[in-house]
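One structure is given below, encoded as structure tokens.
The values are calculated or read from the model by the stated rules, or taken from the named source; none is laboratory data. Because the structure is predicted, anything quoted here is derived from the model rather than measured. All Cβ positions, even for glycine, are placed from backbone atoms using ideal geometry, and neighbour counts span all protein chains on display.
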Amino acid sequence: MLEMKEEQMFRLTVIYDNVADQDFEGSWGFAVLVETNREILLFDTGWDGTLLVKHMKKLNINLKCIKKLILSHQHWDHIGGLPEILQANPGLKVYVPASFSKNLKTEIGNRATLIEVKESVEISQGVRSTGELGNKIKEQALILDTGNGCYVLTGCAHPGLAIIMDTALVYGNIKGIFGGLHDSKEFERLTGLKIIAVGHCTAHKEKIKEIFPSEFIEVKVGLRLDLKCEPIRKVNNDMLKS
């Protein structure tokens, strides 16, 4: 008898990006709050921790409710807000690519529970790291499994869209992608997706919008999306309940 997967819903809230909705400030970097059926996670921190915390307060996000922090890669615009997050939430579990510098891993380990990621690993129910990917710039992305299709959450996609998507496909059909795509021109890998939500470092945002006008969503501070099996619903920017 086949085992049925539990249906998962994920709410993504952009709290740091180059572009911002009204009442927020744009700043180079990226951070997304990920709410699951069971817990709240943070993916990246942007570079300005003060601004990150300011946005969280505006969205009524309680920092102490964040149970796990996942850092995509060791670039300043994705880890700059780390000290503020660790100070506010000392019980945090922090998942970093194993290639992070020894000194940075030591500092994080002194203030939180450090978990080094090499291979793909389950971080929370329905949330899995791709593992450390790439050569020159090593990076991890997240795979969000609804139980009937997956969504990929990227920081900058430095390893390339193909390797990220191929890794995610092992765990299920991909329904959408969310995050930064850097200078990727692998537009064919976006064909068939239901949502293509891109921002931060995505160099070819306008080209992607031109090719996929119905699926395109611009990522910016204040954007919220509910991701589930069916349908996909864009959420208004009302205040997030803690």
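Brief remarks follow.
- Selection of segment 184-221 for residues being surrounded by fewer than 17 Cβ atoms within 10 Å (Cβ to Cβ) and over 29 Å from ASP23 (Cα atoms) yields LYS185, GLU186, PHE187, GLU188, THR191, GLY192, ILE211.
- Residue in segment 12-31 that is surrounded by fewer than 17 Cβ atoms within 10 Å (Cβ to Cβ), free of Cβ contacts under 8 Å to residues at least 12 places away in the same chain and out of contact with any Pro (no Cβ under 9 Å at 6 or more places or on another chain) present: no
- Complete set of residues in segment 172-187 that are touching a helix residue (DSSP H, G or I) at 6+ places or on another chain (Cβ under 8 Å) and of a type in the set (S, T, N, Q): SER184
- Filtering THR50, THR106, THR45 for residues that are hydroxyl-bearing (Ser, Thr, Tyr), buried (at least 21 other Cβ atoms within 10 Å of the Cβ) and without any contact (Cβ under 8 Å) to a residue 60 or more places away in the chain leaves a single hit, THR45.
- Leading residue by the ranking (surrounded by the most Cβ atoms within 10 Å (Cβ to Cβ)) among those in segment 168-179 that are in contact (Cβ under 8 Å) with a residue 40 or more places away in the chain and within 13 Å of the chain's Cα centre (by Cα): GLY179
- Segment 143-167: number of residues that are on the phi < 0 side of the Ramachandran plot, small (Gly, Ala, Ser) and surrounded by 24 or more Cβ atoms within 10 Å (Cβ to Cβ): 1
Yes/no per residue for (1) in contact with a Pro (Cβ under 6 Å, 6 or more places away or on another chain); (2) part of a loop (DSSP other than H, G, I, E, B); (3) hydrophobic (A, V, I, L, M, F, W, C):
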{"residue": "HIS182", "(1), (2), (3)": "no, yes, no"}
{"residue": "ARG189", "(1), (2), (3)": "no, no, no"}
{"residue": "GLY192", "(1), (2), (3)": "no, yes, no"}
{"residue": "ILE196", "(1), (2), (3)": "no, no, yes"}
{"residue": "THR202", "(1), (2), (3)": "no, yes, no"}
{"residue": "LYS207", "(1), (2), (3)": "no, no, no"}
{"residue": "GLU210", "(1), (2), (3)": "no, no, no"}
{"residue": "SER214", "(1), (2), (3)": "no, yes, no"}
{"residue": "ILE217", "(1), (2), (3)": "no, no, yes"}
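Results for (1) modelled with pLDDT of 95 or more; (2) closer than 24 Å to GLY149 by Cα; (3) among the polar types (S, T, N, Q); (4) within 20 Å of the chain's Cα centre (by Cα), shown as yes or no for each residue.
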residue: LEU181; (1), (2), (3), (4): yes, yes, no, yes
residue: SER184; (1), (2), (3), (4): yes, yes, yes, yes
residue: ARG189; (1), (2), (3), (4): yes, yes, no, yes
residue: HIS200; (1), (2), (3), (4): yes, no, no, yes
residue: ILE208; (1), (2), (3), (4): yes, yes, no, yes
residue: PHE212; (1), (2), (3), (4): yes, yes, no, no
residue: GLY222; (1), (2), (3), (4): yes, no, no, yes
residue: LEU227; (1), (2), (3), (4): no, yes, no, yes
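- Failed item in (1) crowded, with 18+ Cβ neighbours inside 10 Å; (2) among the hydrophobic types (A, V, I, L, M, F, W, C); (3) more than 15 Å from the chain's Cα centre (by Cα), with CYS65 passing the rest: (1)
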